[in-house]
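To keep things clear, I will list the structure first and then write my remarks on it.
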Amino acid sequence: MRIKKETDKEYTSTQDRILYYLKTGLEKGKHYFKSKYIAKDLGLSPKEVGTNLAILAEICDELEISRWSYSNSTTWRVTPRAA
């Protein structure tokens, strides 16, 4: 049986997919992501993406996620968190 550490984060499969998408984008030099494009690429609804990004903004230790602007879709600013 695995003992859960306090630092272990439990993400849903959707949140894992979104995090992978964001990390891949960061590796390519992107820092701004629109919910509707994430949704299209991952086969999700923009509302589902927005809801999960808001949750991840609160609980993700690896990335700094903030709602940046809204014009035709919410834009999120994503940067690696300083260690």
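Kindly indicate whether Lys36 is more than 18 Å from Tyr11 (Cβ to Cβ) and surrounded by fewer than 13 Cβ atoms within 10 Å (Cβ to Cβ). Spelling it out, it is not the case that Lys36 is more than 18 Å from Tyr11 (Cβ to Cβ) and surrounded by fewer than 13 Cβ atoms within 10 Å (Cβ to Cβ). Candidates in region 39-83 are the residues that are in contact (Cβ under 8 Å) with a residue 24 or more places away in the chain and among the small types (Gly, Ala, Ser); of these, the one that is nearest to Ser13 (Cα to Cα) is Gly50.
From the list Gly50, Gly43, which one is under 11 Å from the mean Cα position of the chain (by Cα) and of a type outside the set (Lys, Arg)? Outline the logic, then answer.
Details: Gly43 fails: under 11 Å from the mean Cα position of the chain (by Cα).
None of the other options fit; the residue is Gly50.
Counting the residues of region 1-32 that are modelled with pLDDT of 85 or more, more than 9 Å from the chain's Cα centre (by Cα), surrounded by 10 or more Cβ atoms within 10 Å (Cβ to Cβ) and not small (Gly, Ala, Ser) gives 8. Note on region 61-81: residues that are assigned to a loop (DSSP other than H, G, I, E, B) and modelled with pLDDT of 95 or more total 0.
The values are calculated or read from the model by the stated rules, or taken from the named source; none is laboratory data. Owing to the predicted nature of the structure, the values given are computational and were not obtained by experimental measurement. Because the Cβ atoms are built from the backbone with ideal geometry, glycine has one as well, and the counts that use them run over all protein chains shown.
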